[in-house]
Amino acid sequence: MQPSGQLGQIPTDPGSDGSAEEGLMKMYQVCREAWHKGFKCKSKFARDNAEVVAICATEGLITTEIVLGVWGNTWMINDQGAAFMSEVEHDFS
């Protein structure tokens, strides 16, 4: 049986120029939305930005944890995410 395509990771944005700045700004936008008002896990914003939401969550910048061990359905910024936003604002201003 032949493989049905290339093995390995698929880039989240194949049309990207690969610059770190573009990825950081997408992460910043997701964090800003989480900070501003939060967004539901199944919202249009979450679906439209699923890859970047996953990256931000994996990096510990956003969370659905309300208090220790209690989880909700809204992505919110956390301390690491706020620090990330501050660093991006400082570096790109």
What number goes with the only condition from (1) under 10 Å from the mean Cα position of the chain (by Cα); (2) open to solvent by 60 Å² or more (accessible area, probe 1.4 Å) that CYS56 does not pass?
(2)
Pairs only if they're at least six apart or on different chains, beta carbon under 6 angstrom, first in the range 70-93 and under 18 Å from PHE39 (Cα atoms) and open to solvent by less than 50 Å² (accessible area, probe 1.4 Å), second at pLDDT 95 or above and among the charged types (D, E, K, R); list them, first residue then second.
THR74/LYS40
Six or more apart or on different chains, Cβ atoms under 8 Å: show the pairs whose first residue is in the range 48-59 and closer than 18 Å to ASP79 by Cβ and touching a residue at least 60 places away in the same chain (Cβ under 8 Å) and whose second is open to solvent by 30 Å² or more (accessible area, probe 1.4 Å) and of a type outside the set (Phe, Trp, Tyr).
none
Could you please tell me which pairs satisfy a Cβ distance under 7 Å, a separation of 6+ or placement on different chains, a first residue in the range 21-46 that is farther than 14 Å from SER86 by Cβ, and a second residue that is in a helix (DSSP H, G or I) and open to solvent by 50 Å² or more (accessible area, probe 1.4 Å)?
GLU33/PHE45; PHE39/PHE45
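The values are calculated or read from the model by the stated rules, or taken from the named source; none is laboratory data. Computed from a predicted model, the values in this text were never measured in an experiment. So basically every Cβ, Gly included, is an ideal-geometry build from the backbone, and we count neighbours across all protein chains shown. Areas reflect the complete protein model, heavy atoms only, side chains present, ligands, DNA and RNA absent. Shrake-Rupley method; radii C 1.70, N 1.55, O 1.52, S 1.80 Å.
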